[in-house]
Every structure is written in C-alpha cells, then in structure tokens.
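What follows draws every value from the coordinates through simple rules; no lab data is involved. Bear in mind the structure is a predicted one, so any value in this text is a computation, not a measurement. Backbone-built Cβ (ideal geometry, glycine too); neighbour counts: all protein chains shown.
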Amino acid sequence: MRITMFLLTVLIAVAFVGSAFAVPPGKTVEYEGGGSGKVVFDGKAHADKGLKCNDCHTKIFQMKKGSKITMADMNAGQNCGVCHNGEKSFKSSDPANCAKCHKK
C-alpha cells in the first residue's frame, strides 16, 4: 500500500512539474505571424506580471496543437485579446504595439 501511494505521489508531482515548465525559464515559444513577422511568446514576461500558466491554460487557450490564432480573433476579444484589450494590458489592435509580439 505504501509503495502504491508513493508511486501515485511521484506521478502527480511529475505531471505538475512538467506542466509548470512547459516554457522553461529563459525560453520562448515562437509561432508563425504572417507578414508582420513571427510571434514570440515569453512566459517569463507574463509571469513577471504575476500571471500563472493556468490563468490562461486551459481557460482561454485549450492547448490544442495546430490551433490558429488570428489578429481578427484577438481584436474581437478572443485568445490573447482577452487581456490585450487596452484595459488589462496593451491593446492588440494598436499598431504601436505590433513589435511587442511580432519579431521580423
């Protein structure tokens, strides 16, 4: 019984640690960004603002590989636009903010 509980505890710990470091410290995730350049997501920049991974995952983002995120969706308040609306954070539709996410 003790061995079973120990193994269960280890499995749960591995699951939480693995999800907590999906974007390891100092690393970024890059997405195709069309003509504006690739989009670079920096988990640390968001964590530095007090956000945790589960603030967005899976509430806003379903973590489905191959999901498409468009500027039209963001400007309509979906995906990144839930927070990047000019109130919580910089507005995604403001051309002055493009370089904050898009890198040429």
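The Rg/Rh ratio for segment 25-103 is 0.92, where Rg is the radius of gyration of the alpha carbons and Rh is the Kirkwood radius. This ranking places Cys98, Cys80 by how few other beta-carbon atoms lie within 10 Å of each, fewest first, which gives Cys98, Cys80.
Applying 1/(1 + (r/R0)^6) with r as the Cβ-Cβ distance of Glu32 and Ala96 and R0 = 22 angstrom yields a FRET efficiency of 0.45. Remark on Ser92: its backbone amide H falls under 5 Å from those of Asn85, Gly86, a criterion applied only to residues 5 or more positions apart or on other chains, H modelled at 1.01 Å from N. Distant-in-sequence amide contacts of Lys38, defined by a placed amide H-H separation under 5 Å and a gap of 5 or more residues or a different chain, comprise Gly33, Lys103.
Scalar couplings 3J(HN,Hα) for segment 33-45, obtained by applying the Karplus form with A = 6.51, B = -1.76, C = 1.60 to θ = phi - 60°, are x, x, x, 7, x, 4, 9, 10, 9, 10, x, 5, 4 Hz; x denotes Gly and Pro.
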